[in-house]
Amino acid sequence: MSKRITEKSEKLFAEAQNLIPGGVNSPVRAFGGVGGTPLFIKSGAGCYLTDIDDNKYVDYVGSWGPLILGHAEPRVISRIHEAVTNGMSYGAPTELEVILAQLIKDAMPSLEKVRMVNSGTEATMSAIRLARGFTKRDAVIKFDGCYHGHVDSLLIQAGSGATTLGTPTSPGVPQDFVKHTISLPYNDIDAVNEVCSRRGKDIACIIVEVIAGNMGVVPPKKNFLEGLREITKKHGIVLVFDEVMTGFRVAYGGAQSLYNVMPDLTTLGKIIGGGLPVGAYGGKREIMDCISPVGAIYQAGTLSGNPVAMTAGIVTLEILKDKTLYQSLEEKSQRLAAGMEKVCKDVGIPAYHTRVGSMMCTFFTDQPVIDYATAKLCNTKRYAGFFHGMLDRGFYFAPSQFEAAFMSTVHGEKEIDETVDAFKEVIKGF
Ligand code: HOZ
C-alpha cells in the first residue's frame, strides 16, 4: 500500500468551504461521519473513480445507487449525446416521457399512472401531498431511521446524512409542520397496529422504505410489509412505498416485486434517471388522477420529464430488462458480502451483515440490526477505521455507517476479491 497523495482534494476542499456550506452540496459527502477530507472526483469509468490527485478507487457508492451499470456506460453516454443535440429542455411534452412511463409501468404494474419529477425528495413530497389530498386527512406515519429526502414533514427521526451528522430531526422545521407526522420503529407492526387502531381515521398515509437503506441496509422482517398492507386497507390509509433506492435496484420490478406486496403509491428516483436527476411517483389511477390538471392537487416542475434525463432513464431501463444482469449482480454481491462476513468471523471482529440483491451493509456491532435503535448501537469509530483503511487501499465505500454499499454490473470478480483481501488487512489492524 503506497501512501496516497490528496493534496489537490485538500486544497479544493479548503476553497470550497469558503463558497459552499461545508464545502459540499449534500452533507454526507463532507466525510463528517468518518473524518478527513472528502475526495474531489475527476472522472468515473466502469466500476472505478479517479480523484483529482489521480488516485483510482473501486467504487461501491455508485453515485448513491443510480449507477447500477457503472460510470459512463457507453450506451447511456451515446444516447445522452444524441439527446442533447436536440436541445436540453422544452417545458412541453415529449414522446420520451411516455416511453419512460410505459417502461416503469411494465416493470411495476402497481404504478398505473406515473408523474415525473426531478429528485427522490420531490417524489416523496408530492406523494405525501397527494395522499393527504386524496384521503382528506393530515397525519402521516413514517419510520425511525427511514429517510425520504429533505421534505419538511418527513425530516424527523430521519436516517442518511441527518443521522450521520447527529441531527435526525432538523432545526428549521417548524413544530407545526411535523405535528401531523408520527414516527414509529421500523419493522414493528404492533406499533403500527396500535396507532392505527386509535387514530386510523386521521392517517392519510404510511410511507416506508421497503428495504431501509438510510440507516445502513435493514431489510423488512417477514410479514412487516404484508402487515402494513393489511392495516392500511382496513383503515383506508394510502400505503406509499419509497423505492427511490430499491426501484430497479434489488429487482427490475423493485422491492415490491421481490416481497410481492403492492402499495397504492410508489416513489422512484436514482436508477430511473440513469445517473441524471430524475424522480417519479405513481400508483393507482384513481389516486393519481387527483393531481392537477385532472384533479385539484397541485404539483408542477419546469424541468420535469426533460428529454436528456428521460433518455438516460430509458436506455438504462432498456439495458436492465436483461434479467441475467440481476442474476449476475446477485452472485457478485453474494461473493463480496460472504467474503467480508467470513473475514470478520476469521479475524474475530463482531459485525452484522445485511444484503438484498446488490444493496448491502456491514454494521460494526455484535447484535442484529433490525431497526433504527439497533443501527445506532453500531461502532461508528470502527466504521471510520474501515472506511479510511479501504480508501487507502483504493476502495471507495460510503463515508457513513448509515448508508448502503452498491454493486454494479461492471464490478468484476477480480475487484471483488481484491476488496475482500483489502478488508482483511484493514480489520486485522483493529
Ligand atoms: N442522501 C443520500 C444517500 N442516501 C446522500 C446523497 C449525497 O450526499 O450525495
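Just so it is clear, none of the values below were taken in a lab; they were calculated from the coordinates. Not measured: the values here are computed from a predicted model. Here the Cβ positions follow ideal geometry from the backbone for every residue, glycine too, while neighbour counts run over all protein chains shown.
Here are the numbers for this structure:
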{"read-out": "For the range 32-189, convex hull of alpha carbons as volume per residue, Å³", "value": "196 Å³"}
{"read-out": "Relative contact order for the chain, counting Cα pairs under 8 Å that sit 6 or more residues apart, in percent", "value": "22 percent"}
{"read-out": "Global form of the range 252-326, assessed from the alpha-carbon gyration tensor, a/c cut-off 1.5", "value": "oblate"}
{"read-out": "Length-normalised contact order for the range 280-372 - Cα pairs under 8 Å, 6+ apart - percent", "value": "15 percent"}
{"read-out": "Value of [θ]222 nm, deg cm²/dmol, for the chain, DSSP H segments ≥ 4, -39500 (n - 2.57) each, nearest 500", "value": "-11500 deg cm²/dmol"}
{"read-out": "Per-residue HN-Hα couplings for the range 252-257 [Karplus 6.51, -1.76, 1.60; θ = phi - 60°; Hz; x = Gly/Pro]", "value": "4, x, x, 5, 5, 6"}
{"read-out": "Most fluctuating residue given options ASP346, ASP138, ASP371, as computed from a GNM of the chain linking Cα atoms under 10 Å", "value": "ASP346"}
{"read-out": "Helix 120-135 axis, angle to the chain major axis (alpha carbon atoms, nearest 10°)", "value": "20 degrees"}
{"read-out": "Helix 224-235 axis, angle to the chain major axis (alpha carbon atoms, nearest 10°)", "value": "20 degrees"}
{"read-out": "Student exercise, the chain dipole from Lys, Arg, Asp, Glu Cβ charges, in Debye to nearest 20", "value": "560 debye"}
{"read-out": "Cα-based equivalent ellipsoid, the range 1-52: semi-axes from gyration tensor eigenvalues, Å", "value": "19, 13, 12"}
{"read-out": "Residue with peak Gaussian network fluctuation, the chain [Cα springs, cutoff 10 Å], from ALA404, ALA72, ALA131", "value": "ALA72"}
{"read-out": "Nearby lysines by direct alpha-carbon distance to LYS11 (threshold 23 angstrom, same-chain neighbours under 8 apart not counted)", "value": "LYS3, LYS42, LYS56"}
{"read-out": "All Cα pairs of the chain, percent lying beyond 29 Å", "value": "45 percent"}
{"read-out": "Net dipole in debye of the range 1-130 [+1 Lys, Arg Cβ; -1 Asp, Glu Cβ; about Cα centre; nearest 20]", "value": "180 debye"}
{"read-out": "Full-stretch length increase - LYS428, THR37 - with 0.36 nm per residue and alpha-carbon distance subtracted", "value": "138.3 nm"}
{"read-out": "Fully extended contour minus Cα-Cα distance, from LYS221 to THR169, at 0.36 nm per residue", "value": "16.2 nm"}
{"read-out": "All aspartates and glutamates inside 12 Å of LYS428 as judged from Cα atoms, apart from same-chain residues fewer than 8 positions distant", "value": "ASP346"}
{"read-out": "Angle between the chain longest axis and helix 95-107 axis [Cα atoms, degrees, rounded to 10]", "value": "90 degrees"}
